Amino acid sequence: MNINIQKILGFTIRTIDGEYGTVSDVLFSHEDHVIRYLVIDPQKWNPLSRKVLISPISVYYINIDAEEVCLSIDIEKIKAAPGIEEHETVSRHFESELYRYYGYGYYWMGADLWGMSSDPALLRPHNVLDKSAPDIRESDIPLRSINEVCGYLVKTDDDKHHQMADYIFNTKSWKISFAAVDAQNGMIATERCLIKVDAIEEYNWHQQLITLQISSHQLLGNPHYERKLLNSESFLAMMELSATINQK
């Protein structure tokens, strides 16, 4: 199922034994456009300075109607997990500690989105055969916040400026396939258009700018964003066709 990321912000986190706050942010890798963590606001459970990260490996279902993200772990498991301060950057060392604590396989050990597979569920403890610790190089991981990136300026290859509004991901692989861009005429957003993330050429974090490989004319020619059509086969086929045309 495809769903836009902004939709799940504010969803309740439901563990196997109760509720544990809400989704406050999403961290993704801009290099492969895969969601790596949900950031949880634990509300009454933890100090506000502590950032609680939940891997998609722990998610077994997103209930759109109930506005819940359902986990396969309990509250005490989350509370006892390695923590990171709000201002800290996620490092590979921290990720390794977190994954080792949960008994997960390491998503960065393999050529696919999640290790040797595109399905994060296959990294749950009962599926992991090799539990050896990886060779860790202390470095920051290029994970970015959806709250940060949505709102960035988007520059097309004809130097027109628009604005990033949202991203759309698949709930099985947690791969981001599309981005929703507010096409602007001056300061006014005229249309919200969908592009494949393959059309993104560069993220400039210092300038808060995203550069596309397509023109404004091509952007406006893409299908317009409609949430109810995100899982329509004909709509997805139209997106593929638009991407093919834009490459010519």
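The values are calculated or read from the model by the stated rules, or taken from the named source; none is laboratory data. Since we're looking at a predicted model, the values are computed, not measured. Cβ atoms come from the backbone with ideal geometry, glycine included; neighbour counts cover every protein chain shown.
Which fully enclosed strands (runs of 3 or more DSSP E) of segment 139-248 have 1 or more residues being under 29 Å from Gly115 (Cα atoms)? Give the derivation first.
Numbers: elements: 143-145, 153-155, 161-170, 176-185, 188-196, 200-204, 209-212.
Filter on segment 139-248 gives 143-145, 161-170, 176-185, 188-196, 200-204, 209-212.
Scanning segment 170-210 for residues that are in contact with a helix residue (DSSP H, G or I) (Cβ under 7 Å, 6 or more places away or on another chain) and over 22 Å from Thr244 (Cβ atoms) gives a single hit, Trp174. Just so you know, in segment 33-63 the residues that are part of a loop (DSSP other than H, G, I, E, B) and modelled with pLDDT of 95 or more include one that is farthest from Ile200 (Cα to Cα), and it is Ser55.
Considering segment 61-73, and only residues there that are loosely packed, with under 14 Cβ neighbours inside 10 Å and in contact with a strand residue (DSSP E or B) (Cβ under 9 Å, 6 or more places away or on another chain), the residue that is farthest from Glu95 (Cα to Cα) turns out to be Ala66.
I want to confirm something. Restricting to segment 1-37 and keeping residues that are among the basic types (Lys, Arg) and touching a strand residue (DSSP E or B) at 6+ places or on another chain (Cβ under 6 Å), which single residue is surrounded by the fewest Cβ atoms within 10 Å (Cβ to Cβ)? Quick ask: steps written out before the conclusion?
The initial filter retains those residues of segment 1-37 that are among the basic types (Lys, Arg), namely 7, 14, 36.
Checking the rest, the ones that are also touching a strand residue (DSSP E or B) at 6+ places or on another chain (Cβ under 6 Å) come to 14, 36.
Details: Arg14: 16, Arg36: 23.
Among those that are among the basic types (Lys, Arg) and touching a strand residue (DSSP E or B) at 6+ places or on another chain (Cβ under 6 Å), it is Arg14.
Is it true that Lys7 is modelled with pLDDT of 95 or more, more than 17 Å from Phe94 (Cβ to Cβ) and of a type in the set (Lys, Arg)? Don't jump to the end; show me each part of the working.
On the way: modelled with pLDDT of 95 or more: yes; more than 17 Å from Phe94 (Cβ to Cβ): yes; of a type in the set (Lys, Arg): yes.
Yes: the conditions hold for Lys7.
The residues of segment 201-215 that are surrounded by 12 or more Cβ atoms within 10 Å (Cβ to Cβ) and either at pLDDT below 85 or under 15 Å from Ala179 (Cα atoms) (or both), listed by number, are Glu201, Tyr203, Leu209, Ile210, Thr211, Leu212, Gln213, Ile214.
Here's a check for you: in segment 78-102, which residue that is within 18 Å of Asp17 (Cβ to Cβ) and free of Cβ contacts under 8 Å to residues at least 60 places away in the same chain is surrounded by the most Cβ atoms within 10 Å (Cβ to Cβ)? The qualifying residue surrounded by the most Cβ atoms within 10 Å (Cβ to Cβ) is Tyr102. Take the residues in segment 142-159 that are of a type in the set (D, E, K, R), farther than 17 Å from Ile176 by Cα and in contact (Cβ under 8 Å) with a residue 24 or more places away in the chain, then tell me which one is surrounded by the most Cβ atoms within 10 Å (Cβ to Cβ). Across segment 142-159, the extreme among qualifying residues is Lys155.
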